[in-house]
Amino acid sequence: VRNDLSVNDNLITELDSFLYQIKRTDKAITNQENKISELNDLNGFKILVVDDDMRNVYALSTALESENADILSAADGKESLEILKLHQDTHLVLMDIMMPEMDGYEAMKRIRNELQLKELPIIALTAKAMEGDREKCISSGASDYITKPVDIQKLISMIKIWVSK
């Protein structure tokens, strides 16, 4: 009988520990969700939009400005590095992949290595979604990835998640 009580006590202790971990995880998720929902808009956040197609820059800038974000833009990866050197208070980068002069892959690598901006969120934008693109973007330094044509609401939600971290 004592042996059964000992087993039951151990089970109860393990169950209590398990439930405590679930409660802690649930509380952390709720805290993160609260932070994101508190971000009604992107007021005060500086976002760099890097794309060689000015129509894309215009569309993205207009959508993000409607969320009160401050927008910077660059026409290629090389220009994005120069802008980030001048605006070190940038909160997030939207990086097109296929661009002349310096593509998004090279630009992201340089942002991470040369500029040492390891924590700066970079969301890669690509028009040609091919197998392995996401992995290539992430290994080049992207924090996240989204395909064109961009679902603006999805992008804004993704941006809010990254700037709330």
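Rule-of-thumb check for segment 108-165: C-alpha Rg over 2.2 N^0.38 Å? My calculation over the Cα atoms of segment 108-165 gives 1.15. Approximating the spin labels as points 7 Å out from Cα along Cα→Cβ, the residue 13-to-residue 165 distance works out to 3.8 nm. Each label point was placed 7 Å from the Cα along the Cα-to-Cβ direction; for residue 41 and residue 153 their separation is 1.9 nm. Per residue, the average separation of C-alpha pairs within less than 8 Å and at least 6 apart gives segment 69-165 a relative contact order of 25 percent.
Take segment 50-108, drop everything but the C-alpha atoms, weight them equally and run the Debye formula without solvent; then report log10 I(q)/I(0) at 0.20, 0.24 Å⁻¹ to two decimals. Log10 I(q)/I(0), no solvent term: -0.71, -0.99. Residue separation of residue 21 and residue 127 scaled by 0.36 nm, minus their Cα-Cα distance, works out to 34.0 nm of gained length. Each Lys and Arg contributes +1 and each Asp and Glu -1, all at the Cβ; summed about the Cα centre of segment 38-127, the dipole is approximately 300 debye. Multiplying the residue separation of residue 109 and residue 86 by 0.36 nm and subtracting their alpha-carbon distance yields 6.5 nm.
Readers should treat all values here as calculations from the given coordinates under stated rules, not as data from a laboratory. Quick caveat: nothing in here was measured; it's all calculated off a predicted structure. Every residue, glycine as well, gets a Cβ built from its backbone with ideal geometry; the counts of neighbours run over all protein chains shown.
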